[in-house]
Structure formats: structure tokens, C-alpha cells
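Accompanying notes for the structure given below.
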Amino acid sequence: MYWNKEAETIDAASLRELQTERLRKTVESLYENVPFYRKKLDSTGVKPSDIKSTADIRRLPFTTREDLRENFPDGLLAVKKEQVVRLHTSSGTTGKPKAIFFSQHDIDTASELVARCLYMTGLRKGDIFQNMMTYGLFTGALMLHYGAEKLGCLVIPAGPGNTARQISLMQDFGTTAIHITPSYALYLASVLQKQGIDPKKDLKVRKAYVGAEPYTEETRKKIETLLGLDAYNCYGLSEMNGPGVAFECEYKNGLHIWEDNFIIEILDPVTGEPVPDGSNGELVLTTLNREAMPILRYRTKDLTRVLTEQCPCGRTHRRIHSILGRADDMFIIKGVNIYPQEIERVLMSIKGVAENYQIHLESLDSITIKVEIDSNMFDGRIEHLVSLRNEITEKLKHEILVKPNVELLEPGTLPISEGKAVRVIDTRTM
Ligand code: ADP
Ligand code: ZN
């Protein structure tokens with residue numbers, strides 16, 4: 001049931017002790033080896049030996065994306081360059097890339113954590129794992145690749161795109177699990193449908209690891225129904241190893257974060273103060289077991305909350321709610337704060353809406369939603385289209401408090417992105 005029972009079911013007191021010891025070691029290494037951190041620690045008057053409990057984390061400085069960029073390329077390296085075996089960069093969704101270095105220890109630890117993640121969803125030796133994430137500088141594909149190999153799976157490093165080939169690979173090699181972005185999963189479902197392939201009957205794929213971008217429960221359900229499988233949420237970021245930082249277990253009720261490797265904080269994104277347990281806020285992460293590039297209190301800008309109840313799977317590591325959105329993705333229309341996920345949740349719950357949509361921001365008070373709908377809606381009966389458009393408009397208005405313009409499109413009209421989906425097109429001049 002567990003890949004590493006001792007680590008995964010560690011009791012609370014032992015976990016705090018381990019975290020404290022690892023936090024102290026991390027701060028020691030940064031103080032000794034990284035001038036940027038030494039300066040920051042000196043300015044707050046904290047010495048490594050002051051770390052006596054996990055609560056002392058509050059005395060440590062934050063690290064932001066800007067800090068990573070300002071120290072580009074290797075200013076945050078805590079070991080000699082010869083000890084580094086791998087360079088990754090973040091995929092750059094939100095600006096210039098950041099360089100992240102790994103020692104062999106770091107690669108081994110990250111693979112081990114991913115193996116734990118995959119094992120808890122039921123993946124085993126003998127499974128055939130088709131990895132449809134982007135290989136290369138992005139951590140997305142490689143870290144899951146390593147974890148799946150560690151489990152003993154047969155890994156097919158397919159990469160994204162070329163959907164016809166993806167489907168042939170699944171058929172030829174009997175793929176049982178895939179790793180994929182939510183937007184590509186929905187697209188894959190539409191291609192299978194077009195080709196008359198029933199994934200439940202004609203394919204063996206029963207698990208999908210879906211991540212790299214925020215998505216709603218409605219989207220998960222759609223992926224599960226259309227592809228006939230269980231979809232598990234997989235969260236991570238390059239700055240913290242890549243995917244496999246937090247992952248759903250078989251219960252799919254939030255994502256366990258491996259607290260022996262990370263300290264989780266949920267903070268008010270504006271004040272940087274902790275929010276009450278269970279409230280939404282920004283996820284802030286500290287690495288506890290990284291050699292080449294440990295990072296203190298990283299401001300992820302990802303919004304979530306901690307789920308405090310014990311998970312029935314018996315793992316003691318706490319869970320976070322699936323990411324509610326990125327602080328950066330929020331936009332304001334008519335003075336109302338809106339996250340793209342609120343729009344997605346509504347769209348994906350409406351019958352007749354297909355897989356792809358875009359949000360266009362043209363001015364400070366108008367928003368246009370372009371949404372693809374099922375091809376059978378274009379049956380020549382205009383009243384069907386009018387009533388669907390009205391339903392979408394009214395439901396969105398109810399959710400986001402602003403009446404959007406809604407354009408209905410035939411399936412396949414909007415572009416498909418191979419990596420992370422581009423949902424918001426902002427052409428406003430600020
Ligand atoms: P970036 O996309 O910022 O250039 P990464 O490629 O490292 O950098 O992606 C990490 C980010 O992707 C996370 O901070 C988060 O915003 C998003 N992300 C990754 N996995 C998920 C997930 N399962 N749910 C929501 N968001 C995710
Ligand atoms: Zn669990």
C-alpha cells in the first residue's frame with residue numbers, strides 16, 4: 001500500500017523533529033555557501049543555530065521569483081559547480097525563465113518522491129506509462145519519467161502533440177497510464193471520439209496524471225468521463241524539483257505534500273502573514289532535502305488551502321486543496337476580481353459546451369468568452385444556439401458578477417497548445 005511506509009506514515013512528533021533538523025541544516029548550508037542568503041539572514045539577525053523548531057521558519061526571509069531572476073544564472077547555488085549534474089528552467093509561463101540546478105542527491109530524492117506519488121495512486125511495476133509532457137528544460141516530463149522508472153514501469157517518453165501517434169502508441173504498447181495537461185487531455189478525448197475509438201473498450205489507459213496548470217473539479221470529471229479513467233491531480237514547480245511536490249492519493253481528496261521534504265505555509269499574499277488553518281492563501285514552500293539549490297520560503301503565487309483532516313489512506317503528510325488559481329492570473333473587470341478558474345468551472349458544467357475556450361479582455365469593463373460547443377449543436381436550429389448562449393451568459397454572470405459577451409464556436413476553431421494552455425488573451429492597453 002505504501003512505497004515507503006516509514007516515511008509516508010511518520011508520526012507528527014517525529015516529523016516535526018525531522019523537519020527542524022533538516023531546516024537547520026538547510027539554513028546552515030545557505031548561510032555558508034550563498035552570499036545572497038547570508039546577507040538576508042544577517043539583516044534579520046538570524047543564525048543557523050537559532051533554528052530550534054519549525055515555528056522558527058517565520059524568522060527566515062522569503063525568496064521570490066525576482067530573487068531567482070536577479071541571481072541568474074547560478075547565484076543561488078549552494079555547492080560547487082562540479083557537484084551539479086542537471087540544469088532545468090521553469091517553463092516561463094510568467095516571464096523570463098529561472099535556472100534550477102540539481103545534484104545527483106537531488107535527482108535521486110525527486111525521483112523517490114515521485115515514486116511515492118505514483119505508487120499511492122496504484123501504479124505498479126508492469127504498468128505502461130506514456131509521458132505526454134514536454135521533455136527538455138521544463139521539469140514536467142523528466143521528473144515523472146524518473147519516478148515511473150523507479151517503480152519499474154515501462155516508460156514511453158512520447159512528449160506532447162502528434163495526437164495520432166499518441167493514440168497508436170497507446171494501442172500498440174497497451175499504455176495503462178498517461179501524464180498529460182488538462183487541456184491536452186480534453187483535446188485527446190475529442191480526437192478519440194472523432195476517430196470512433198472508445199477509450200473504455202478499445203484502450204487500456206486507466207489512470208491519468210493531470211497537472212502543470214490549474215483546472216477545476218468539473219474539468220477533472222469531464223476528463224474522467226470522456227477518457228474512461230481515473231484522473232489524479234499532480235502539482236509541482238521547477239523551483240521545488242518539478243512535478244510530484246503534491247499529489248493525490250487513491251482517494252482524490254486533495255494533494256498530499258511530502259512534509260519530510262518541504263515545509264508548507266499558507267500566507268496572506270499581500271501581508272505575508274499566516275492565514276487561519278483551512279483558509280485560502282498563497283502557498284509558500286521551503287525545501288528541506290535539497291543539496292544544490294535549497295530555497296527558503298518560496299512565494300509560489302499559487303493559491304490554495306491546507307486540508308487538516310486525516311486522510312483515510314493513512315499517510316500523515318498533510319494535503320492541500322487543488323490549486324485555486326495563480327495570484328498572477330487574476331484580472332479585474334468593472335472592479336470585480338476574477339480568476340479564470342471561476343469561468344472554467346461554469347463552462348465545464350454546462351451540457352453542450354466542448355473542450356476549448358478563451359477569455360478575451362479588451363477593456364476594463366468588458367470580457368468576451370469564446371467557447372467551443374459540441375458539433376451537434378450546429379444542427380441548423382438557431383433556437384438551440386440562442387438558448388445555450390443565454391444559459392452560458394447567465395450562469396457566468398451569476399458566478400463572476402459581470403455580464404460577459406459570449407461567442408459560440410465550432411469545435412477545433414480555437415488553437416490547441418502543446419504545453420500549458422493559453423486561456424486569457426489580454427489586449428487591454430494599461
Ligand atoms: P512556470 O509555469 O511558472 O514557468 P513551472 O513550469 O515550474 O513554471 O510550472 C509551475 C507552476 O505551474 C506552478 O507554480 C503552478 O502555477 C502551475 N501548476 C503546476 N501543476 C499544477 C496543478 N496540478 N494545478 C495547478 N497549477 C499547477
Ligand atoms: Zn491520502
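Figures for the structure shown
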{"quantity": "Selection status of Lys222, under 25 Å from Asp329 (Cα atoms), over 15 Å from the mean Cα position of the chain (by Cα) and surrounded by 15 or more Cβ atoms within 10 Å (Cβ to Cβ)", "calculated": "yes"}
{"quantity": "Flag if Arg65 is within 16 Å of Gly236 (Cα to Cα), assigned by TED's automatic domain parsing to the domain that holds Phe138, surrounded by 13 or more Cβ atoms within 10 Å (Cβ to Cβ) and within 15 Å of ligand 1 (Cβ to nearest atom)", "calculated": "yes"}
{"quantity": "Total residues in region 292-317, condition crowded, with 20+ Cβ neighbours inside 10 Å and assigned to a loop (DSSP other than H, G, I, E, B)", "calculated": "7"}
{"quantity": "Pairs, first farther than 16 Å from Thr121 by Cα and more than 16 Å from ligand 1 (Cβ to nearest atom) in region 132-160, second among the basic types (Lys, Arg) and in a helix (DSSP H, G or I), C-beta under 8 Å, six or more apart", "calculated": "Ala158/Arg165"}
{"quantity": "Candidate set from region 68-86 (those that are part of a helix (DSSP H, G or I) and touching a residue at least 24 places away in the same chain (Cβ under 8 Å)); member that is surrounded by the most Cβ atoms within 10 Å (Cβ to Cβ)", "calculated": "Leu68"}
{"quantity": "Contacts under 9 angstrom Cβ, first residue in region 300-323 being outside the structural domain of Asn241 (by TED's automatic domain parsing), partner within 14 Å of ligand 1 (Cβ to nearest atom), 6 or more apart", "calculated": "none"}
{"quantity": "Meets criteria (modelled with pLDDT of 95 or more and within 21 Å of the chain's Cα centre (by Cα)) for Glu213", "calculated": "no"}
{"quantity": "Residue match in region 87-100 (condition: surrounded by fewer than 20 Cβ atoms within 10 Å (Cβ to Cβ), outside any loop (DSSP other than H, G, I, E, B) and modelled with pLDDT of 95 or more)", "calculated": "yes"}
{"quantity": "Scan of region 207-261 for residues that are basic (Lys, Arg) and more than 16 Å from ligand 2 (Cβ to nearest atom), ordered by number", "calculated": "Arg220, Lys221, Lys222"}
{"quantity": "Filter result (of a type in the set (D, E, K, R) and surrounded by fewer than 17 Cβ atoms within 10 Å (Cβ to Cβ)) within region 343-372", "calculated": "Lys351, Glu362, Asp365"}
{"quantity": "Test for Lys403: is it in a loop (DSSP other than H, G, I, E, B), basic (Lys, Arg) and closer than 16 Å to Tyr215 by Cα", "calculated": "no"}
{"quantity": "Filter result for the condition that a residue is farther than 29 Å from Ser111 by Cβ, of a type outside the set (D, E, K, R) and in contact with a helix residue (DSSP H, G or I) (Cβ under 9 Å, 6 or more places away or on another chain), over Ile197, Ile263", "calculated": "Ile197"}
{"quantity": "Test: Val275 is away from ligand 1 (no atom under 16 Å from the Cβ) and either more than 30 Å from Lys80 (Cα to Cα) or modelled with pLDDT under 95 (or both)", "calculated": "yes"}
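Here's the yes/no breakdown for (1) within 12 Å of ligand 1 (Cβ to nearest atom); (2) at pLDDT 90 or above:
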residue	(1), (2)
Val306	no, yes
Cys311	no, yes
Gly314	no, yes
His317	no, yes
Ile323	yes, yes
Asp329	yes, no
Gln341	yes, yes
Ser349	no, yes
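The values are calculated or read from the model by the stated rules, or taken from the named source; none is laboratory data. If you're wondering where the values come from, they're calculated on a predicted model, not measured in any experiment. Reconstructed Cβ throughout: ideal geometry from the backbone, glycine too, with neighbour counts over all protein chains shown.
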